[in-house]
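> Quick one: the structure is below, questions incoming.
The values are calculated or read from the model by the stated rules, or taken from the named source; none is laboratory data. The model shown is predicted, which means the values in this text are computed figures rather than measured ones. With ideal geometry, Cβ positions are generated from the backbone for all residues, glycine too; neighbour counts draw on all protein chains shown. Remember, those area values only see protein heavy atoms, side chains included, never the ligands or the DNA or RNA. Shrake-Rupley method; radii C 1.70, N 1.55, O 1.52, S 1.80 Å.
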Amino acid sequence: MNGTGPSSADTPPPGCPAHPGAVRLGGLEYQQTPSQLYRTLRREHGPIAPVLLDGDIPAWLVLGYAEVSYVTSHDELFARDSRRWNQWPNIPEDWPLLPFVGYQPSVLFTEGEEHQRRAGVITEALEGVDQFELARDCQAIADELISSFAGSGRAELMSAYAHTLPARAVVQMCGMPLGGEDTHRLVDDLRISLDAAEGEDPIAAYGRVGARLTQLVKEKRERPGPDVTTRMLQHPAGLTDEEIVQDLISVIAAAQQPTANWICNTLRLLLTDERFALNVSGGRLSVGEALNEVLWLDTPTQNFIGRWAVRDTQLGGRRIEAGDCLVLGLAAANTDPQIWPESHVGAENAAHLSFSNGEHRCPYPAPLLADVMARTAVETLLERLPDLVLAVEPEELTWRPSIWMRGLTALPVEFTPVVQ
C-alpha cells in the first residue's frame, strides 16, 4: 500500500492488512466474548492480526504484550499523527471512527517536543488535584446518588451511579458547575462521541463537546478558579485556547467513560464471583484486588486506535507498510499467554497495559485519580448498601456493542430499602 490508497482492482499482497484473512472487528460474538476472538486471532495470525474496521477499512490489531509494549515505546517507528495514514483516500466523511482518528490539534496527536510540552501542562494541572479532596468530593457525590435510589430497594447502577459519579467528579475538577443542564448534556455527548448507540451521531456530539469546553475556557479566563482548566490557562507553556479545549476533551473523555466502566465492571465481578462474596462488605483489600483484576481481565479500554507506521518495518513477523494503522489491543495484551503461560492471570501485580505505555500513556497522575474515583465509588456503595445483589442472573448481563470500550449495557441490582 502507498500513501494514495490502494486501487480497488489491486490484489493485496500477503501481509497487507486488506488480505482475505483479515477479520472484521465487531459482531455479537465479539461483543460478549472478545477474549475468545483474541485467542482465535492469536492462534491463526500470531501477535499481529490483520483486521477490518468499520466500512472494511484495513488495519493491524496488535495482540501481544511484548508487541504492544514495543509499539508504544518506539514513537520513531509508530507515531501518533494520524495524517500519516495511507487509507485517508478511502475514508468517508461520515465515518463513525473519525472522532478517534481525525487529526485534531490535541495532545493525543502531538509528537516529540510538542507532545512533551502539551503533556507536561496536563500533568502539572492534574498534580494540583488534592487526592484527599477528590476522595471527599467523590464520596459526597456517591452519597447523593445512592440516596436518590436507596429507598426503592432497586437500581440500575450503570446509568444511576457508575457513569454519573466520575462524570460529575471530572467536570467539577475542571471547574464546571455541577447540576446544570449543560453539564448533563456534555456528559451525554461525551458518551455518544466515544460509544455511540444506533441512531446517534458521534461526530455531531464531538462538536458539541468542543463548543461547551470552548465556553468553559472563556469563562475561566474571565474568572479563574482552583481547577484544572485554570491551571492549564495559567501554565507558563502558554497554550492557546484551542489547544486547551482539545486537551480538556482528552482529559475529560479519558477520565469519565473508562472510569465509569472500571467501576461497573468491578461491581459486576464483586457481585458474581464467589471469591469475593464472603468478605466484600467492608473488605477493602478485596475491593482493591477486584479493581486490579478488572484492569487485567475486563479492562475498560479494550482497544485503542492507534499508531501509524512512520516507515516500512517489521513487527511480530509481519511487514508493516509506511502509513499503516495499528490498533493497540490492550485487553488482548493483558491476557497474552506469553506472560501468563499457565492461563492464570495473577491480578496481584500492576504490570497491565490498561493505561497504555510509553510517552503517550495516560499521563501521571491520571491513573491515581481514576483509582481514587473508582475505589471511592465501589467502597461507598458497598458500605451504604451492604446486602446488594444482582437483580438478574449473571448470564443475563450484556456488554455494550463496542470494540473499544468494555462496559455493561446495564447493571440492575436489589437491596434492602434504606429509609433516609
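> Would you please name the residue that is nearest to T335 (Cα to Cα), looking only at residues in the stretch 28-41 that are open to solvent by less than 40 Å² (accessible area, probe 1.4 Å) and at pLDDT 85 or above?
It comes out as Y38.
> Name the pairs whose Cβ atoms lie under 9 Å apart, with the first residue in the stretch 42-59 and within 13 Å of Y30 (Cβ to Cβ) and β-branched (V, I, T), the second surrounded by 20 or more Cβ atoms within 10 Å (Cβ to Cβ) and at pLDDT 95 or above, and 6 or more positions between them or separate chains?
V51/P58; V51/A59; V51/W60; V51/L61; V51/V327
> Among residues belonging to the stretch 83-97 that are of a type outside the set (S, T, N, Q) and part of a loop (DSSP other than H, G, I, E, B), point out the one that is surrounded by the most Cβ atoms within 10 Å (Cβ to Cβ).
The qualifying residue surrounded by the most Cβ atoms within 10 Å (Cβ to Cβ) is W85.
> Could you please find all residues in the stretch 379-420 being of a type in the set (D, E) and in contact with a helix residue (DSSP H, G or I) (Cβ under 6 Å, 6 or more places away or on another chain)?
We begin by selecting, within the stretch 379-420, every residue of a type in the set (D, E); these are 379, 383, 387, 393, 395-396, 414.
E379 - this is the single residue of the stretch 379-420 that is of a type in the set (D, E) and in contact with a helix residue (DSSP H, G or I) (Cβ under 6 Å, 6 or more places away or on another chain).
> Which one is least open to solvent (accessible area, probe 1.4 Å), of the residues in the stretch 138-159 that are among the charged types (D, E, K, R) and assigned to a helix (DSSP H, G or I)?
Step by step, filter the stretch 138-159, then rank; the result is D143.
> Within the stretch 206-249, count every residue that is under 22 Å from E127 (Cβ atoms), crowded, with 18+ Cβ neighbours inside 10 Å and not hydrophobic (A, V, I, L, M, F, W, C).
8
> In this structure, is Q172 touching a residue at least 24 places away in the same chain (Cβ under 8 Å), in a helix (DSSP H, G or I), closer than 28 Å to R400 by Cα and open to solvent by 20 Å² or more (accessible area, probe 1.4 Å)? Walk me through it before giving the result.
On the way: touching a residue at least 24 places away in the same chain (Cβ under 8 Å): yes; in a helix (DSSP H, G or I): yes; closer than 28 Å to R400 by Cα: yes; open to solvent by 20 Å² or more (accessible area, probe 1.4 Å): yes.
Spelling it out, Q172 is indeed touching a residue at least 24 places away in the same chain (Cβ under 8 Å), in a helix (DSSP H, G or I), closer than 28 Å to R400 by Cα and open to solvent by 20 Å² or more (accessible area, probe 1.4 Å).
> Tally time: how many residues in the stretch 179-203 are exposed (fewer than 14 other Cβ atoms within 10 Å of the Cβ) and either modelled with pLDDT of 80 or more or in a loop (DSSP other than H, G, I, E, B) (or both)?
Of the residues in the stretch 179-203, 5 are exposed (fewer than 14 other Cβ atoms within 10 Å of the Cβ) and either modelled with pLDDT of 80 or more or in a loop (DSSP other than H, G, I, E, B) (or both).
> Go through (1) open to solvent by 60 Å² or more (accessible area, probe 1.4 Å); (2) of a type in the set (D, E, K, R); (3) within 26 Å of L108 (Cα to Cα); (4) out of contact with any Gly (no Cβ under 7 Å at 6 or more places or on another chain) for E274 and report which single condition fails.
The one condition E274 does not meet is (3).
> Next question. Determine, yes or no, whether R406 is basic (K, R), under 16 Å from Q302 (Cα atoms), under 23 Å from the mean Cα position of the chain (by Cα) and open to solvent by 50 Å² or more (accessible area, probe 1.4 Å). It would help to see each step written out before you state the result.
Working: basic (K, R): yes; under 16 Å from Q302 (Cα atoms): yes; under 23 Å from the mean Cα position of the chain (by Cα): yes; open to solvent by 50 Å² or more (accessible area, probe 1.4 Å): no.
For R406, the condition - basic (K, R), under 16 Å from Q302 (Cα atoms), under 23 Å from the mean Cα position of the chain (by Cα) and open to solvent by 50 Å² or more (accessible area, probe 1.4 Å) - is not met.
> Which of the numbered conditions does T380 fail, given that it passes all the others? Conditions: (1) more than 28 Å from T164 (Cβ to Cβ); (2) of a type in the set (S, T, Y); (3) open to solvent by less than 40 Å² (accessible area, probe 1.4 Å).
(1)
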